[in-house]
1. Trp101 passes all but one of (1) touching a Gly at 6+ places or on another chain (Cβ under 7 Å); (2) part of a helix (DSSP H, G or I); which number fails?
2. Of the residues in the range 203-221, how many are within 24 Å of Gln286 (Cα to Cα) and among the small types (Gly, Ala, Ser)?
3. Consider only pairs whose beta carbons are under 7 Å apart and that are at least six residues apart or on different chains; among these, list those whose first residue lies in the range 318-336 and is within 16 Å of Gln286 (Cα to Cα) and touching a residue at least 24 places away in the same chain (Cβ under 8 Å) and whose second residue is part of a helix (DSSP H, G or I) and open to solvent by less than 70 Å² (accessible area, probe 1.4 Å).
4. Out of the residues in the range 340-359 meeting the condition of being within 24 Å of the chain's Cα centre (by Cα) and open to solvent by 40 Å² or more (accessible area, probe 1.4 Å), tell me which one is nearest to Glu329 (Cα to Cα).
5. Asp269 is checked against (1) touching a Leu at 6+ places or on another chain (Cβ under 8 Å); (2) open to solvent by 20 Å² or more (accessible area, probe 1.4 Å) and fails just one. What number does that condition carry?
6. Select from the range 214-253 the residues that are small (Gly, Ala, Ser) and open to solvent by less than 40 Å² (accessible area, probe 1.4 Å) and list them in ascending order.
7. Just one of Asp380, Asp388 is under 27 Å from Asn315 (Cβ atoms) and either in a strand (DSSP E or B) or open to solvent by 100 Å² or more (accessible area, probe 1.4 Å) (or both); which is it?
8. When the range 132-158 is examined, which residues are found to be closer than 24 Å to Tyr234 by Cβ, open to solvent by less than 20 Å² (accessible area, probe 1.4 Å) and touching a helix residue (DSSP H, G or I) at 6+ places or on another chain (Cβ under 7 Å)?
Amino acid sequence: MSTRYGPDKRPPRVSCRKRRPPPVLSALARGAAAGAPRAVWFPPPAGSCAAFPSSPINMASASGRCRLIWAAAAALVLTLDAAFVEDLDDSFKDNRKDDIWLVDFYAPWCGHCKKLEPVWNEVGIEMRSSGSPVKVGKMDATSYSSIASEYGVRGYPTIKLLKGDLAYNYRGPRTKEDIIEFANRVAGPLIRPLPSQQMFEHVHKRHRVLFLYVGGESPLKEKYIEVASELIIYTYFFSASEEVLPEYVTLPELPAVVVFKDGTYFVYDEYEDGDLSSWINRERFQGYLNVDGFTLYELGDTGKLVAIAIIDDKNSSAEHTRLKSVIQEVAKDYRDHFHRNFQFGHMDGNDYINSLLMDDLTIPTVVVLNTSNQQYFLPDRRIESTEDLVQFINNILDGTVEAQGGDGFLQRIKRIIYDAKSTVMSVFKSSPLLGCFLFGLPLGVISIMCYGICTVDSFGGVEENETSKKETGDRELTDEGSEEEQEQENKEKSAEISDGEHGQKHIFDKKKD
């Protein structure tokens, strides 16, 4: 029997389109396809959290379903994130072959390692989605200590890029962008050629500091390649012909090594600059920096003196802004005079510099640090202009300014005392109760032990005195008894002697008769 449809009844529409997946799965699928399932919105199912069920039972069940869905979705996102980072074991050394690996050597108990874990997962996602040949993994260095020690792991976390037989240490900030930039730089070629002037301009805009070898094959190029293999962890290295350079660049001779930075360029001179590796290590920073603790650590390898304006960035007073502008002007206008020996910059706040110098500096002020031997120089008067700062720097170069600090024995003792004091003060400042427990309990135990030792000695002395007195009395009694015994023995001996004399006399009388 056929069914007829009138004008009011239409046959159901049959669609050959595929059914759309649920919103949750489609969102996850899109994120996985993009390679980075980041912030995904999961719409609540009908009748759950957003439907406001009227019945308390329905409300409870809907709330439970909502929690389960959110928990499952979060677990799925974490699983997808971790899937881009491989867990490595003891077979890693034999199976990695010619692959390039970016490995995080961690310890399960390390707090810094736990802080790095979500960043590391993001690095793995980004490297996979960008099509990078670098594989990202992590290894428990406490479980596979032999492999970790073979790669020179001495602390946690340690990030290394393994390329062939070489292992490159990462020493930069532990952010996703910096780690990815390091991996892409080291995984690529040591020397990147620039075939055209357009390519040079493009690269020059992207890099604030650009090292370039100009010329053909030469011993200088071999040295340049050798230095690049050592310092590729810090910066890029390029090569080009003389025709690629802009017109404003003039080279005294070819081949040459040039660094472009701060809106100008500097040419390497073997006689004035010394070793090429040392020169590149000194020139890999801009002339003016926003200095922090990590930057100071890196500047320690350059051998330069670091002139820093200690200011408060949040303080917009004329005194703070004036001192910052003064040091910027000196870094720019006196670049040719000081760039070989000085690095300029400013630091926000005086907390770090106070801990470094073990002193309390009043900001704003200027301090010049010698990071190679931990000495520092302070001006004897306020810096009001560029002329004052230039005079202060020249006095340092002349040796007329007295250096403070250093790394001598007394300074090391002072450092130990200062660090201990700072640790105690920070603990009490952050948590007074915890500080009382951590330091009061050991002091109390030590006090009780000392008191016990002292009282035991005093009681022992009293007992020894009593014992000695008793022994003395016994000796006296013994001596008295011995004297009486001796007198008795003497009497007996005298009686025996008298009896013998009488006996002899009697015998003599008998003989006489």
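The values are calculated or read from the model by the stated rules, or taken from the named source; none is laboratory data. Just so it is clear, the model here is predicted, and its values are computed rather than measured. Using ideal geometry, Cβ is built from the backbone for each residue, glycine included, and neighbour counts are taken over all protein chains shown. Remember, those area values only see protein heavy atoms, side chains included, never the ligands or the DNA or RNA. Shrake-Rupley method; radii C 1.70, N 1.55, O 1.52, S 1.80 Å.
1. Only one criterion is unmet by Trp101, namely (2).
2. So the answer is 0.
3. Within 7 Å, the pairs are Ile327/Leu389; Glu329/Thr386; Val330/Thr386; Val330/Leu389; Val330/Val390; Tyr334/Val390.
4. Filtering first and then ranking leaves Asp348.
5. So the condition that Asp269 fails would be (1).
6. Taking the range 214-253 first, the residues small (Gly, Ala, Ser) are 215-216, 218, 228-229, 239-241.
The answer is Gly215, Ser218, Ala228, Ser239, Ala240.
7. Working: Asp388 fails: either in a strand (DSSP E or B) or open to solvent by 100 Å² or more (accessible area, probe 1.4 Å) (or both).
Only one candidate passes the filter, namely Asp380.
8. Val134, Val136, Pro157
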